[in-house]
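The values are calculated or read from the model by the stated rules, or taken from the named source; none is laboratory data. As the structure is a prediction and not an experimental result, all values here were calculated from the model. Here Cβ is always computed from backbone atoms with ideal geometry, including for glycine, and neighbour counts include all displayed protein chains. The protein model used for the area step is the full one, side chains on, heavy atoms only, and it has no ligands, DNA or RNA in it. Shrake-Rupley method; radii C 1.70, N 1.55, O 1.52, S 1.80 Å.
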Amino acid sequence: MDILTIIIIGISGLGLGLLISVTIMRKSLLSKSQRVLKDAIAEAEVMKKEKMLQAKEKFIQLKAEHEEYVAEKNQTLLAQENRLKQKEASINQKFEEIQKKQKEVDIVKENLNNQLEIVTKKQAELDKSYKSQIEKLEAISGMSSQEAKVQLVEALKNEAQQDAQAYIKEVMDEAKITSNMEAKKLVLQSVQRTATEVAIENSISVFPIENDEIKGRVIGREGRNIRALEAATGVEIIVDDTPEAIILSGFDPVRREIARLSLHKLVTDGRIHPARIEEVVAKTQKQIEQEIIEIGKRTAIDLGIHNLHHELIRLVGRMKYRSSYGQNLLQHSREVANLAATMAAELGLNTKLAKRAGLLHDIGKVPDNEPDLPHALLGMKLAEKYKERPEVINAIGAHHDEVEMTSLISPIIQVCDAISGSRPGARREVVESYIKRLNDLEELALSYPGVVKTYAIQAGRELRVIVGSDKVSDKEAEQIAYDLSKKIQTEMTYPGQIKITVIREIRAVSFAK
C-alpha cells in the first residue's frame, strides 16, 4: 500500500470522524434546545396561571369595592329619598293647614262684608239724619253751617292766644328768677362732687445718691460723662456741694424723667462711659414711650372711655408730661372730664360723650408740630382725623370760641375748662411764659440747616446746639453761633444774656469681628 493510498484513507477517516462528530453534536444540541423549549413552555404555563390568579383576585377586589361603593350610594340615595319624603309630608301638612286657614279667612271675610253692608246702611241713615238736623239749626239761627264754624274758630283762637301769652309770661318771669340760682347750684354741686389735687409743675428734679463718690464717676474724666449725658438727654446735670444729691434741671418733664431713669440705671449698673450713656438713654426713651401708652390706656379705663384710637391714647399719655400754665395737663383734662360728666348728668345729657370731650379738649397742646395753629383747632383736626363723634369734635374746637358751638356739650366743656383753670393755685402763668420762651429758643436754633438737636439749659441762659459733622464744617459752626446770637437779640425778649454753644464732634466707629 503506497503512501498516497494511506493519505487518502486517513483523509477519508478523518472526514468520516468529523461527520460523525457533527451529527452527534447536532443531535445533542437539538435535544438540549428541546429541553429548554419544554422548560420555557412549562414556565410560561406557570406564569400564565399566576397572572390569571392575580387577575381574578384583582377582579374580585374591584368587584367588592364597586359593590361597596354602590351600597354607599344606594344608602345615600335612600337617606335623601327619606328626607324628601319627610319634606313632602311636611309641605303637604302645611298646605292643608293653609287651606284650612284660607277657608277660615273666607268665612271671616264674608262676615265682614255682611257687617260692612249693615254699617253702610246705618251710616247712610245717620248722614240723612245729620243733614236734617243741620237744616233745622240753620233755619232757627238764620246762619249757614260754614259761617257758624268760622265764628266759633275765631272765638276759640283769640281765647287760646290770650291764655298762651299769659302762661308764657308767667313761665319766663319764673325762669328769670330761678335760672341764675339753678345755674350756680349746678356749678357748685359739680365742683364739690369732683375732688382734685392742685399740682404745680417744677423745672428741676433731685436724684438721690448713696455717697458723694458717685458724683466723680458721673462727671467722668475731664467731664466727658456729664457732657455725654447732657447731650443725649438735653437736661442740665448740676453736680455741686449738695450732699448725696444730683440736680437735674430742664423745662421739659419728659427729658427730665428720661435723664432721671437713665442716671438711675447707670449708677445701679456701675458702668458709666459715653457709649454706655447713649445706649441707656436710647433704651429709656423707648421705655418712656411704652409707659406713655400705658398711662393713656389706664386713664381711658379709669374714666370709662372706650374705643379710643391708639394714637389718641398715646397723646393722652403724653399729657402727663405736659403742663398748662404750670398745671399738669393730664390732671386738668381728667378734672374737666369728671366735671363735664357731672353737669351732663344733671342736665340729662350724654355723660359718656361729655367725659370723652372733656378728656380730649386740650389734646392740641400735646403734639409738637403745627405750633402756629391754636391748640383748640389743632385738637379738633386730630379728633376729625381719628374719627371722633361730631359733638366731641365741636366741643374741642369751640372751648375757646375758635369755632361756633353746635351741641349742648360744647358750652359745658368750656365752663368746666374755666372752672378747672380758675381753682386757687391751679395755674401759674409765669411758668407757662417761661416754658414758651425756652421752646421758641430751641425752635429758632432748629431752623438752621445742619442742626440735629437743640437744648435750652440753665433756665434759658445757655443754648446748646448739636450739628452734624458731615453737614457743617468748623467755620460754619462758628458762623451758626454768631448768626444765632444776633437773631436772638433781634427777635426775642429775655433777661440777662444767653450763651450759645455749638457742638460739632467727629466719631469714628468700627467693629472687630
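Just to check your reading of the model, which residue among Arg389, Arg334 is out of contact with any Gly (no Cβ under 7 Å at 6 or more places or on another chain) and crowded, with 20+ Cβ neighbours inside 10 Å? Steps first, please.
Values: Arg389 fails: crowded, with 20+ Cβ neighbours inside 10 Å.
Being out of contact with any Gly (no Cβ under 7 Å at 6 or more places or on another chain) and crowded, with 20+ Cβ neighbours inside 10 Å holds for just one of Arg389, Arg334, which is Arg334.
Checking Val235 against (1) under 40 Å from the mean Cα position of the chain (by Cα); (2) at pLDDT below 75, which single condition isn't satisfied?
(2)
How many of the residues in region 337-352 are under 18 Å from Thr406 (Cβ atoms) and surrounded by fewer than 24 Cβ atoms within 10 Å (Cβ to Cβ)?
3
Would a scan of region 24-33 turn up a residue that is at pLDDT 85 or above, in a helix (DSSP H, G or I) and of a type in the set (Ser, Thr, Tyr)?
no
Restricting to region 294-328, name every residue that is under 15 Å from Glu257 (Cβ atoms) and among the hydrophobic types (A, V, I, L, M, F, W, C).
If the condition is that a residue be under 15 Å from Glu257 (Cβ atoms) and among the hydrophobic types (A, V, I, L, M, F, W, C), then Ile295, Met319 are the ones that fit.
So which residues in region 494-513 are part of a loop (DSSP other than H, G, I, E, B), free of Cβ contacts under 8 Å to residues at least 40 places away in the same chain and either closer than 24 Å to Ala232 by Cβ or open to solvent by 100 Å² or more (accessible area, probe 1.4 Å) (or both), if there are any at all? Walk me through it before giving the result.
If we filter region 494-513 for residues that are part of a loop (DSSP other than H, G, I, E, B), which is where we start, we get 494-498, 504-513.
Imposing the further condition that a residue be free of Cβ contacts under 8 Å to residues at least 40 places away in the same chain reduces the set to 495-497, 504-513.
Within region 494-513, Gln497, Arg504, Glu505, Ile506, Arg507, Ala508, Val509, Ser510, Phe511, Ala512, Lys513 qualify.
Going through region 74-101 one residue at a time, which ones are open to solvent by 100 Å² or more (accessible area, probe 1.4 Å) and either among the polar types (S, T, N, Q) or within 54 Å of the chain's Cα centre (by Cα) (or both)?
Filtering region 74-101 down to residues open to solvent by 100 Å² or more (accessible area, probe 1.4 Å) leaves 75, 77, 83-88, 91, 93-96, 98, 100-101.
Within region 74-101, Gln75, Leu77, Arg83, Leu84, Gln86, Lys87, Glu88, Ile91, Gln93, Lys94 meet the criteria.
Does Gln414 count as in a helix (DSSP H, G or I) and at pLDDT 85 or above? Reasoning before the result, please.
Numbers: in a helix (DSSP H, G or I): yes; at pLDDT 85 or above: yes.
Criteria met by Gln414.
I'd like the residue in region 392-406 that is of a type outside the set (S, T, N, Q) and not in a loop (DSSP other than H, G, I, E, B) and, out of all such residues, is farthest from the chain's Cα centre (by Cα).
Ala398
If the requirement is being on the phi > 0 side of the Ramachandran plot, basic (Lys, Arg) and either in a helix (DSSP H, G or I) or at pLDDT 85 or above (or both), which of these qualifies: Lys320, Lys387, Lys352?
Every option except Lys387 fails the conditions.
So Asp440 fits all but one of (1) open to solvent by 30 Å² or more (accessible area, probe 1.4 Å); (2) within 22 Å of Ser249 (Cβ to Cβ); (3) out of contact with any helix residue (DSSP H, G or I) (no Cβ under 7 Å at 6 or more places or on another chain); (4) free of Cβ contacts under 8 Å to residues at least 40 places away in the same chain; what number is the exception?
Failing condition for Asp440: (4).
Would you confirm, using the coordinates I've provided, whether Ile20 is open to solvent by less than 90 Å² (accessible area, probe 1.4 Å), modelled with pLDDT under 85, of a type in the set (Val, Ile, Thr) and assigned to a helix (DSSP H, G or I)?
Yes; evaluated as a whole, the condition is true for this residue.
Test Arg464 against the criterion of being at pLDDT 85 or above and closer than 27 Å to Ile247 by Cβ, and give yes or no. Spell out how you get there, then give the answer.
Numbers: at pLDDT 85 or above: yes; closer than 27 Å to Ile247 by Cβ: yes.
So Arg464 passes the test.
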